[in-house]
1. Taking the stated definitions as given, is Gly76 buried (at least 19 other Cβ atoms within 10 Å of the Cβ), more than 30 Å from Val133 (Cβ to Cβ) and touching a Leu at 6+ places or on another chain (Cβ under 9 Å)?
2. Out of curiosity, is Val139 closer than 24 Å to Ala32 by Cβ and modelled with pLDDT under 95?
3. Among helices (runs of 4 or more DSSP H) lying entirely in segment 29-130, which contain 3 or more residues that are closer than 15 Å to Phe142 by Cβ?
4. Give Leu98, Leu61 a once-over and let me know the one that is in contact with a Gly (Cβ under 6 Å, 6 or more places away or on another chain), closer than 16 Å to Ala35 by Cα and surrounded by 14 or more Cβ atoms within 10 Å (Cβ to Cβ).
Amino acid sequence: MTQPSRPGEPERILSAGLPPGYDPEEQHQMSAPAAVTYMRAYGGVVGGLYLLGGLALVGVLLKEALTKVGGDIWGGLVFGAIVGTACGVMAALHLAVLVGGRRPWVHTVATVAVALDLTSACCWLPGIPLLIVWLRPDVKAFYTDPPAR
């Protein structure tokens, strides 16, 4: 069985029994499951909150440390560096889902990010259902079988 090709392309031969209109190149471009969209939205919002909250907290800590009269400023500076690093790492974990594409490590990093969020009770409501749909086999397959480049 031959399938008509586009002008300028060689004719492709498909085996019998394939459904009409089957195109192997289009099958590799499977659409993203809904959980990917949910995780990207969650990662963007929570990553942005970590980034902005961390910057605001570090700014307050540095201002307090630098305006302290006659006291030791090193404690505030070290604590600001620790808080800034922790918030930066958490923001990077959450924002990786937006910039990582369909690489297999993105699924692992996003799973770790949501699992770390579940240590806080305020993230249980969005985090638990998100983690349930995120760990489904179709989402894992979306990230483990990226399209050919």
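The values are calculated or read from the model by the stated rules, or taken from the named source; none is laboratory data. From a predicted model like this one, the values you see are computed outputs, not experimental measurements. A quick note on method: Cβ atoms are made from the backbone with ideal geometry, for glycine too, and the neighbour counts reach across all protein chains shown.
1. Numbers: buried (at least 19 other Cβ atoms within 10 Å of the Cβ): yes; more than 30 Å from Val133 (Cβ to Cβ): yes; touching a Leu at 6+ places or on another chain (Cβ under 9 Å): yes.
Judged against the criteria, Gly76 is a match.
2. Considered against the rule, which asks whether it is closer than 24 Å to Ala32 by Cβ and modelled with pLDDT under 95, Val139 comes out as yes.
3. By residue number, 34-67, 104-117.
4. Just one listed residue meets the conditions, Leu98.
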